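The values are calculated or read from the model by the stated rules, or taken from the named source; none is laboratory data. Predicted model only: the values in this text are computed from it and were never measured. Using ideal geometry, Cβ is built from the backbone for each residue, glycine included, and neighbour counts are taken over all protein chains shown. Accessible surface areas use protein heavy atoms only, side chains included; no ligands, DNA or RNA. Shrake-Rupley method; radii C 1.70, N 1.55, O 1.52, S 1.80 Å.
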Amino acid sequence: MNPEDRRRMIVRAVLPLVVEHGAAVTTAQIARAAGIGEGTIFRAFKDKDELIDACVAEAVKPDSTVEAIAEIPLDQPLADRLAEATETMSAHLDRMGALMAALHSTGRLKRGEPRKGARAESVTALRHAIAELFTPEDGLRLPADKLAAIFLSMVFLRRRDDQATPTAAELVDVFLHGAVAA
């Protein structure tokens, strides 16, 4: 396995542990999860901090979420496409939030991390993916990219931990039809 593939394999294996234990994850736990010896960790990464940084970078990357959104069939009704995208993005945000909370609680993550540039790149990629869901529609009131930005802001603000949290279908319905009944 080449060094970059080994690094990716280790990060993917270790990410759930970092979500569970934060920076308190041990190199023994890392090695077991990745199915490697502890020494291999330090051939792939300078130290545990570099590995945790790689885990954070992997968690904030929207690649798998963008791919999942791109796989949503465009022949479905728009409401169904957006509800599926909402669930996909919510799962991504939950994973990121869990990782950041674990790292913060173990003193590893400081306010302002990760880089704002990475966050902006992530939001841009997600916005473009959501905009594609609008492309087959006629009669849109705004350009697809602007609608995607508005929709993303609603999804990002959606809370999943209280009774007032709208379901994906409710959020999409209000987005598409407004708050006032006809």
- prompt: Which number in (1) assigned to a loop (DSSP other than H, G, I, E, B); (2) open to solvent by less than 60 Å² (accessible area, probe 1.4 Å); (3) in contact (Cβ under 8 Å) with a residue 12 or more places away in the chain; (4) more than 22 Å from V11 (Cα to Cα) marks the one condition that R108 misses?
  reply: (4)
message: Can you list residue pairs whose Cβ atoms sit under 7 Å apart, with the first residue in region 41-56 being at pLDDT 90 or above and the second being open to solvent by 80 Å² or more (accessible area, probe 1.4 Å)? Count only pairs 6 or more apart in sequence or on different chains.
response: A44/P3
statement: Selection from region 33-53 of residues under 15 Å from R12 (Cβ atoms) and exposed (fewer than 14 other Cβ atoms within 10 Å of the Cβ) yields G35
field: Leading residue by the ranking (nearest to F134 (Cα to Cα)) among those in region 70-88 that are aliphatic (A, V, I, L, M) and in a helix (DSSP H, G or I)
entry: L78
message: Just to verify a result, which residue in region 165-182, among those that are in contact (Cβ under 8 Å) with a residue 40 or more places away in the chain and closer than 20 Å to L140 by Cβ, is most open to solvent (accessible area, probe 1.4 Å)?
response: D173
- line: E132 fails exactly one of (1) outside any helix (DSSP H, G or I); (2) farther than 26 Å from M9 by Cβ; (3) of a type outside the set (V, I, T); (4) at pLDDT 85 or above, namely (1)
message: Restricting to region 140-164, count the residues that are surrounded by 12 or more Cβ atoms within 10 Å (Cβ to Cβ), over 19 Å from the mean Cα position of the chain (by Cα) and either among the aromatic types (F, W, Y) or outside any helix (DSSP H, G or I) (or both).
response: 1
- request: Tell me, yes or no, whether region 86-98 has at least one residue that is touching a residue at least 40 places away in the same chain (Cβ under 8 Å) and farther than 19 Å from A169 by Cα.
  value: yes
query: (1) open to solvent by less than 70 Å² (accessible area, probe 1.4 Å); (2) out of contact with any Phe, Trp or Tyr (no Cβ under 8 Å at 6 or more places or on another chain): which one isn't true of L74, the others all being true?
result: (1)
message: Among the residues that make up region 9-23, is at least one of them open to solvent by less than 40 Å² (accessible area, probe 1.4 Å) and in contact with a Lys or Arg (Cβ under 8 Å, 6 or more places away or on another chain)?
response: yes
